[in-house]
1. Where Lys and Arg each count +1 and Asp and Glu each count -1, what net charge lies around GLY132 among other residues with Cβ under 15 Å from its Cβ?
2. Ranked from highest to lowest mean number of other Cβ atoms within 10 Å per residue, what is the order of the peptides 84-91, 194-201?
3. Mind listing the lone cysteines of the chain, meaning no other Cys beta-carbon sits under 4.7 Å from theirs?
4. Let me make sure I get this right: for region 94-159, a, b and c are the square roots of the gyration tensor eigenvalues over alpha carbons, sorted descending. Under 1.5 in a/c it's rounded, otherwise prolate if a/b > b/c, else oblate. Which is it?
5. Of the DSSP beta bridges with both residues in region 148-237, give the percent that are antiparallel, rounding to the nearest 5.
6. Percent antiparallel among DSSP beta bridges with both residues in the chain, to the nearest 5?
7. Placing +1 at every Lys and Arg Cβ and -1 at every Asp and Glu Cβ, with all other atoms neutral, what dipole size does region 172-261 have around its Cα centre, in debye to the nearest 20?
8. Once every DSSP H run of n ≥ 4 in the chain is given -39500 (n - 2.57) and the sum is divided by its residues, what mean residue ellipticity at 222 nm do you get, rounded to the nearest 500 deg cm²/dmol?
Amino acid sequence: MKNTLKTSKLFAVLGNPIKHSLSPTIHNYALKKLRLESFYTRFCLPQDISADDLRSFILSSDLSGVNITLPFKERSYQAVDRVEGIANQIGAINTIVRKEQKLVGYNTDAEGFYHAIKNYNPKHILLLGTGGSARSIALILSKHNIELTIANRSIEKLSYFKQFGNTMDLNELCKHTQKYDIIVNATSASINGVLPMAKECLIPLLQQCKLAYDLMYQHNDTTFCTLAKKYTNALDGKAMLIYQGALALLYFHEMEFNDIEFIKIANLMAESLGITL
Ligand code: NDP
């Protein structure tokens, strides 16, 4: 792998709130182990910062690259000079690399999610939620020809998802007996410690699936993972965080993508959190 890094570089994750972010932990651990003389920190930006101000913040700083988290992913799409890859279709970015005075945007969330679940070899996935993360997940899964059913509490945003598969509201989902290989909780219900749908409807779905995946992560199991673990394998969003972070690290250091190095970086990041992938 070609490493073009010459001098010490500074990276950061930008969000609000940001205190809880594990990105500095996983990046700094990997950077040290890889002997890359870079440092990764975090910045809490005002909730209402404009795309222009976000852009100025990065360009007037010493930052060589940033990760973007809630609530700035869509806004950042407008803040960069160029968008590359799948981010163009998603309309949101989570990684920005500064090249001279130009900002280049990428979305590594979608690929990160795919790497987290691909070993389960899913044929049919149930996706709960229609927010920004659900959009990127639906897109990457459809690119891998995985059959999708998308369900949400409210029906307004479901129409966008018709291009990716069956869509329905959660009440209708309760009436179906369809079996899914993976159930993905891409709602933000876990943030409030609640399940994304009625427990009595969720349990039969969990009993029949190979994996329940909650995008959210926290120190302990999320409400969704706690229930799911009684019936099947369950993972939280740390694996997705790690894979999207490993890909971002490669972009930050302009390293050519290579499966072996990618997995090596992901494993280092996992080690920093005391988990195995
Ligand atoms: P959005 O705010 O864009 O979307 C929220 C979604 O959750 C909507 O579909 C909403 O439904 C649904 N929802 C909210 N509360 C409930 C509830 N109580 N019951 C049922 N549905 C509910 O969020 P994002 O897509 O940006 O993020 C979703 C989750 O993914 C968050 O928990 C976030 O932390 C996590 N995430 C994790 C990442 C990682 O690396 N691990 C990366 C990105 C996100 P409705 O339309 O009806 O309001």
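1. Details: positive: LYS73, ARG75, ARG135, LYS157; negative: GLU74, ASP109, GLU156.
My count for the surroundings of GLY132 gives +1.
2. Numbers: 84-91: 17.2, 194-201: 14.8.
Final packing ranking: 84-91, 194-201.
3. Flagged as lacking a Cys partner: CYS44, CYS209, CYS225.
4. Details: a/c = 3.26, a/b = 1.57, b/c = 2.07.
Oblate, since a/c reaches 1.5 and b/c is not below a/b.
5. Working: 0 of 11 bridges.
That works out to approximately 0 percent antiparallel.
6. Values: 8 of 42 bridges.
Antiparallel bridges: around 20 percent, rounded to the nearest 5.
7. Details: 7 positive and 10 negative charges, 126 e Å.
The dipole of region 172-261 has a size of about 600 debye.
8. Working: 11 runs with 103 residues, N = 277.
Here the helix-only value at 222 nm equals -10500 deg cm²/dmol.
We did not get these values from a lab; they are worked out from the coordinates using the rules stated. Keep in mind that what you see is a predicted model, and the values were worked out from it rather than measured. Please note: Cβ atoms are built from the backbone with ideal geometry, for glycine as well, and neighbour counts cover all protein chains shown.
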